[in-house]
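Scroll down for the structure; my scribbles are underneath it.
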Amino acid sequence: MGVTDPAGPVMDRDEVDRALARLGAEHEAIETSLLALQDHAGRRLLEGAELTGTTRERWTTADASISLLWAYFDAYTDALRSAREIRSRRRWSSREDLVELTELLRGESVTVAGSATATANAPTLLSAAGRLSERFSLAALVDRMNELYATSLDMVVTADAVWSALPARIDLLAAELQRTRTLAHSVGVRPGEHPAGDDLERITRTLTRLREDVVSDPLTFWIPAQGSSAPGGGRPDTAVYDREARALEEVRREIDAVLTVRQDAEARLIRLRDVLSRADRTLAEARTARGEVLAKIAATEVPVVSGPPTALQEQLATAAEYRRQAQWHRLSPLLESLEQKAEDELLRARESLTAVTAPLAVRAELRGRLDAYKAKVARHGLAEDPFLIERYDAARRMLWSAPCDLRVAEQAVLRYQQAAAEALRAPRVPHQSGPEDRRGPGA
């Protein structure tokens, strides 16, 4: 090892044998990797695809890198073969052989000649600008091949990952979209006539464009993993696909709602007619009650009762026409609106009836209160009290006469209540014949 040459100390036979064994193992590993890259499905797809954008640029570089890889590998193979031939000349290598082997195994003894096209398209960092050949040591050549292989494999694996993940999913979603379009057409959901039909057209255009972009430029749909240096580290970008999948799901729910309308439209129309009929009957009852109140109750403001809304009846007729023409997409929102309006109309009719009959309810309450106090007075043996009888008769005449002044009648009932309360509190005189006259002198 004391003798040196430009490659460094001359290797002895053991060092040469160990170096050849290591280089032979590296050669086998590199060959296996290159063959796997050559047969990779992603590489074959890249070779036959009409690429655009970022993918086209990177594949041009990667393709040139792969060509350089094979050129480097051939040079590496030739150098290893030459070294093995020198070592096999004799069992005990001479000094001249060892010097030659040292230069071959450690020095820049490998010259790689590449084509002008491959050299021009290769990464500038990995190719000597303006040069058609390079010189390497075997170790440097291995490092160079490792760099080229890593970048080339990353590009191939990334493109293959996107192509494996997105186009098939887009095709499945497109098939579901076609089924939804057919179903939508059957229930009248068409572009320009229903928002869901417009959404289906937009989703169709987006998916078509998305698939074209994914096939021609897959690298734009890749999200690299942060901090990862492994080839293919990351995941496909499915943001656009996921958005359109959600949009299609919303359209499907809308179509389902329209289908539900088609199934129960007749029952809902019957319920609507019933609700509106009840509202009309309630309003008719309120109008009749208003006339009764005006005839029986004096000095009372009675609210006016409006007639049945003709607009709701017209909309109901329109809904029935939509059903006959199977225009379910138009019938669905109209039914929902009509159902709410019909319930509101029934509530308004009931409130109107309540407001109109309120004076009659007040009169009925006063009558009930008067009779209740009379029964209470009778239970305490004061039914024949002339003063109470007079007060009762006065209140009764007012409540049972027409028209009835509720304010005056209420005061008469209050006077009877007060008189009855006083009579019930007054001490009873034993063996008193006849009721006491509490009207006072000159009554």
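The values are calculated or read from the model by the stated rules, or taken from the named source; none is laboratory data. Just so it is clear, the structure is predicted and the values come from calculations on it, not from any experiment. Reconstructed Cβ throughout: ideal geometry from the backbone, glycine too, with neighbour counts over all protein chains shown. Protein only, heavy atoms only, side chains kept; ligands, DNA and RNA dropped before computing areas. Shrake-Rupley method; radii C 1.70, N 1.55, O 1.52, S 1.80 Å.
So which of Ala349, Ala372, Ala342 is closer than 20 Å to Arg397 by Cα, open to solvent by less than 80 Å² (accessible area, probe 1.4 Å) and part of a helix (DSSP H, G or I)?
On the way: Ala349 fails: closer than 20 Å to Arg397 by Cα; Ala342 fails: closer than 20 Å to Arg397 by Cα.
None of the others qualify; the one that does is Ala372.
Return the only residue of Ile270, Ile255 being over 20 Å from Gln340 (Cβ atoms) and either assigned to a helix (DSSP H, G or I) or touching a helix residue (DSSP H, G or I) at 6+ places or on another chain (Cβ under 8 Å) (or both). Full working, then the answer.
Details: Ile270 fails: over 20 Å from Gln340 (Cβ atoms).
Result: Ile255 is the single residue among Ile270, Ile255 that is over 20 Å from Gln340 (Cβ atoms) and either assigned to a helix (DSSP H, G or I) or touching a helix residue (DSSP H, G or I) at 6+ places or on another chain (Cβ under 8 Å) (or both).
Between a residue in region 237-258 that is among the hydroxyl-bearing types (Ser, Thr, Tyr) and any residue that is open to solvent by 60 Å² or more (accessible area, probe 1.4 Å), which pairs come within a Cβ distance under 8 Å, given they are 6 or more apart or on different chains?
Hits for this filter: Thr238/Arg169; Tyr241/Arg169.
Let me confirm something: among Ala364, Ala426, which residue is among the hydrophobic types (A, V, I, L, M, F, W, C), out of contact with any Gly (no Cβ under 6 Å at 6 or more places or on another chain) and modelled with pLDDT under 80? Before the answer, list the steps.
Details: Ala364 fails: modelled with pLDDT under 80.
Sole residue among the options that is among the hydrophobic types (A, V, I, L, M, F, W, C), out of contact with any Gly (no Cβ under 6 Å at 6 or more places or on another chain) and modelled with pLDDT under 80: Ala426.
Would you please list the contacts, defined by Cβ atoms under 8 Å and residues six or more apart or on different chains, that run from a residue in region 283-294 that is modelled with pLDDT of 80 or more and open to solvent by 70 Å² or more (accessible area, probe 1.4 Å) to a residue that is outside any helix (DSSP H, G or I) and among the aliphatic types (A, V, I, L, M)?
Taking only residues 6 or more apart or on different chains, the pairs are Arg287/Val305.
Of the residues in region 321-339, how many are exposed (fewer than 15 other Cβ atoms within 10 Å of the Cβ) and of a type in the set (A, V, I, L, M, F, W, C)?
Count: 1.
In region 159-198, what residues are over 30 Å from Leu51 (Cα atoms) and crowded, with 18+ Cβ neighbours inside 10 Å? Working first, answer last.
So the first thing to find is which residues in region 159-198 are over 30 Å from Leu51 (Cα atoms), and the list is 179-198.
Residues satisfying the conditions are Thr180, Arg181, Ala184, Val187, Gly188, Val189, His194, Ala196, Gly197.
So, in region 131-156, of the ones that are among the hydroxyl-bearing types (Ser, Thr, Tyr) and within 13 Å of Ala71 (Cα to Cα), which residue ends up surrounded by the fewest Cβ atoms within 10 Å (Cβ to Cβ)?
Narrowing region 131-156 to residues among the hydroxyl-bearing types (Ser, Thr, Tyr): 133, 137, 149, 151-152.
Next, from what is left, pick out any that are within 13 Å of Ala71 (Cα to Cα): 133, 149.
Values: Ser133: 12, Tyr149: 20.
Here the answer is Ser133.
Run Thr182 past the list (1) closer than 18 Å to Ala257 by Cβ; (2) in contact (Cβ under 8 Å) with a residue 40 or more places away in the chain and report the number of the one that doesn't hold.
The single condition Thr182 does not satisfy is (2).
Conditions tested, residue by residue: (1) more than 30 Å from Ser306 (Cβ to Cβ); (2) not hydrophobic (A, V, I, L, M, F, W, C).
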residue	(1), (2)
Ser186	yes, yes
Val189	yes, no
Asp217	yes, yes
Gly234	yes, yes
Glu254	yes, yes
Val275	no, no
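Can you tell me which of Ala196, Ala225 is over 24 Å from the mean Cα position of the chain (by Cα) and hydrophobic (A, V, I, L, M, F, W, C)?
Ala225
Given the conditions (1) at pLDDT 90 or above; (2) in contact with a helix residue (DSSP H, G or I) (Cβ under 9 Å, 6 or more places away or on another chain); (3) loosely packed, with under 15 Cβ neighbours inside 10 Å, and given that Glu212 satisfies all but one, which numbered condition is not satisfied?
It fails just one condition, (2).
For Ala394, state whether it is outside any helix (DSSP H, G or I), more than 29 Å from Ala279 (Cα to Cα) and of a type in the set (A, V, I, L, M, F, W, C). Don't jump to the end; show me each part of the working.
On the way: outside any helix (DSSP H, G or I): no; more than 29 Å from Ala279 (Cα to Cα): yes; of a type in the set (A, V, I, L, M, F, W, C): yes.
For Ala394, the condition - outside any helix (DSSP H, G or I), more than 29 Å from Ala279 (Cα to Cα) and of a type in the set (A, V, I, L, M, F, W, C) - is not met.
Mind checking which residues of region 355-369 are assigned to a helix (DSSP H, G or I) and either under 42 Å from the mean Cα position of the chain (by Cα) or surrounded by 13 or more Cβ atoms within 10 Å (Cβ to Cβ) (or both)? Don't jump to the end; show me each part of the working.
Here is the first cut: in region 355-369, the ones assigned to a helix (DSSP H, G or I) are 355-356, 358-369.
Those that are assigned to a helix (DSSP H, G or I) and either under 42 Å from the mean Cα position of the chain (by Cα) or surrounded by 13 or more Cβ atoms within 10 Å (Cβ to Cβ) (or both): Ala355, Val356, Ala358, Pro359, Leu360, Val362, Arg363, Leu366, Arg367, Arg369.
Is there a residue in region 302-318 that is charged (D, E, K, R) and farther than 30 Å from Ala364 by Cα?
We begin by selecting, within region 302-318, every residue charged (D, E, K, R); these are 314.
From the residues that got through so far, the ones that are farther than 30 Å from Ala364 by Cα too are 314.
Within region 302-318, one or more residues are charged (D, E, K, R) and farther than 30 Å from Ala364 by Cα.
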